[in-house]
1. Specify the residue that is nearest to residue 52 (Cα to Cα); the eligible residues are those in the stretch 1-31 that are surrounded by 10 or more Cβ atoms within 10 Å (Cβ to Cβ) and modelled with pLDDT under 75.
2. Show the residue pairs meeting these rules: Cβ distance below 6 Å; 6+ apart or different chains; first residue within the stretch 34-61 and in contact (Cβ under 8 Å) with a residue 12 or more places away in the chain and at negative phi; second residue surrounded by fewer than 22 Cβ atoms within 10 Å (Cβ to Cβ) and among the acidic types (Asp, Glu).
3. Among the residues of the stretch 60-87, write down those that are under 15 Å from the mean Cα position of the chain (by Cα) and either among the hydrophobic types (A, V, I, L, M, F, W, C) or in a loop (DSSP other than H, G, I, E, B) (or both).
4. So which residues in the stretch 107-146 are assigned to a strand (DSSP E or B) and over 21 Å from residue 63 (Cα atoms), if there are any at all?
5. Specify the residue that is nearest to residue 35 (Cα to Cα); the eligible residues are those in the stretch 78-113 that are at pLDDT 95 or above and among the charged types (D, E, K, R).
6. Go through the stretch 44-85 and give me each residue that's β-branched (Val, Ile, Thr) and within 13 Å of residue 100 (Cα to Cα).
7. When the stretch 75-93 is examined, which residues are found to be small (Gly, Ala, Ser), surrounded by fewer than 17 Cβ atoms within 10 Å (Cβ to Cβ) and touching a helix residue (DSSP H, G or I) at 6+ places or on another chain (Cβ under 7 Å)?
8. Scan the stretch 56-74 residue by residue and report those that are over 14 Å from residue 120 (Cα atoms), surrounded by 13 or more Cβ atoms within 10 Å (Cβ to Cβ) and out of contact with any Leu (no Cβ under 8 Å at 6 or more places or on another chain).
Amino acid sequence: MSESSQFPNALQNYEIVTRHIVMERHLNAHGNLFGGVVLAWLDEAAALYVMELAGYSNFVTVSMDDVSFKSPGHRGDCLVIYCRTVKIGRSSITVQAQAWVHEPQSLEKHLIIECSLTFVCLKEGKAFPYFVSEEYLSWCNNKTVMLPE
């Protein structure tokens with residue numbers, strides 16, 4: 001079974017967060033997408049996903065784990081970044097992110113990278129248990145979100 005035919009099942013519970021076109025400035029000397037560029041895109045996409053999911057924006061990335069580069073990206077690739085929630089703690093949230101190349105002409109899709117990112121909410125520069133706070137619970141009244149375990 002090809003990766004493209006596995007595509008819908010591979011992304012159950014994921015949401016499209018953002019898209020990028022790989023351009024010349026994103027490439028190394030051999031024409032491959034710089035790993036640091038795509039990691040920055042994943043970090044930004046996961047942060048946007050968390051902001052929308054949690055209704056909070058004062059947080060920092062504390063880790064990027066299980067980074068797995070699957071295939072190189074190339075100039076002109078249409079990169080689509082998907083995210084899903086893995087775990088919500090008291091002050092932290094862990095998100096799984098994947099970047100897939102969507103070939104517009106052939107409709108083929110292939111995974112180029114995946115990783116887990118953990119963010120910690122801050123208040124006055126210190127970890128803040130936002131996900132058990134009155135602020136979060138109040139925000140949840142109008143939203144359908146996951147509560148911490």
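1. 7
2. 61/43
3. Initial filter on the stretch 60-87 (under 15 Å from the mean Cα position of the chain (by Cα)): 60-69, 79-87.
Within the stretch 60-87, 60, 62, 64, 67, 69, 79, 80, 81, 83, 86 meet the criteria.
4. Keep residues of the stretch 107-146 that are assigned to a strand (DSSP E or B), which gives 109-123, 126-127.
Matches in the stretch 107-146: 109, 110, 111.
5. 84
6. At the first step, the residues of the stretch 44-85 found to be β-branched (Val, Ile, Thr) are 50, 60-62, 67, 80-81, 85.
Matches in the stretch 44-85: 80, 81.
7. Here is the first cut: in the stretch 75-93, the residues small (Gly, Ala, Ser) are 76, 89, 91-92.
Retained after the next criterion (residues that are surrounded by fewer than 17 Cβ atoms within 10 Å (Cβ to Cβ)): 76, 89.
89, the sole residue that qualifies.
8. Of everything in the stretch 56-74, just one residue is over 14 Å from residue 120 (Cα atoms), surrounded by 13 or more Cβ atoms within 10 Å (Cβ to Cβ) and out of contact with any Leu (no Cβ under 8 Å at 6 or more places or on another chain), namely 69.
The values are calculated or read from the model by the stated rules, or taken from the named source; none is laboratory data. A quick note: this is a predicted structure, and the numbers were derived from the prediction, not measured. As a convention, Cβ positions derive from the backbone with ideal geometry for all residues, glycine included, and neighbour counts pool all protein chains shown.
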